[in-house]
1. Can you tell me the relative contact order of segment 1-108? Whole percent, Cα pairs under 8 Å, sequence separation 6 or more.
2. Place a label point 7 angstrom from the Cα of Asp93 along the Cα-to-Cβ direction, then list the residues of segment 1-26 whose backbone nitrogen is under 17 Å away.
3. Leaving ligands and nucleic acids out of the surface, order Met32, Met19 by accessible area at 1.4 Å, largest first.
4. In nm, to one decimal, how far is the Val101 label point from the Arg57 one, both placed 7 Å along Cα→Cβ?
Amino acid sequence: ELQVIGAGCGRTGTTSLSMALERLGFGPCHSMAAVAKMVRERPWARALEEPERADWRGLLSGFGCSVDFPASVAYQWLLASFPDAKVILTVRDPHDWARSVATTIWSEYSAERSALLAPFRSAARRL
């Protein structure tokens with residue numbers, strides 16, 4: 001059962017938060033790494049395209065917490081499905097955040113070369 005929902009964007013301390021939550025016993029933690037490892041990109045893309053019809057409990061089955069994309073952009077639907085979960089919002093100075101993502105997570109994907117993120121592109125445009 002999901003107990004903690006991380007609502008912060010990547011590069012706001014989500015990796016540290018994930019490690020802390022797991023150390024505190026709230027794991028395993030769902031993140032983009034888990035999506036890739038489990039090859040769950042398409043089910044998540046479908047969920048983000050039609051969030052009202054998504055099986056949020058099924059997508060997060062077996063996880064005690066979630067951080068980072070894609071779950072962070074669905075925090076409101078996750079909270080509706082897991083009403084007893086606590087939400088943690090990680091933040092960062094906007095200018096520092098923009099510099100960080102430009103040189104890390106967005107740099108690889110800026111030319112739309114990522115097969116991993118391909119299923120999320122149409123859903124992300126609607127957000």
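1. 48 percent
2. Under 17 Å, as judged by backbone N against the label point of Asp93, lie 11-13 of segment 1-26.
3. Met19, Met32
4. 3.2 nm
The values are calculated or read from the model by the stated rules, or taken from the named source; none is laboratory data. As the structure is a computational prediction, the values presented were derived from the model and not from experiment. Here the Cβ is made from the backbone with ideal geometry for all residues, glycine too, and neighbour counts use every protein chain on show. Please note that ligands, DNA and RNA were not included when accessible areas were found on the heavy atoms of the full protein model with its side chains. Shrake-Rupley method; radii C 1.70, N 1.55, O 1.52, S 1.80 Å.
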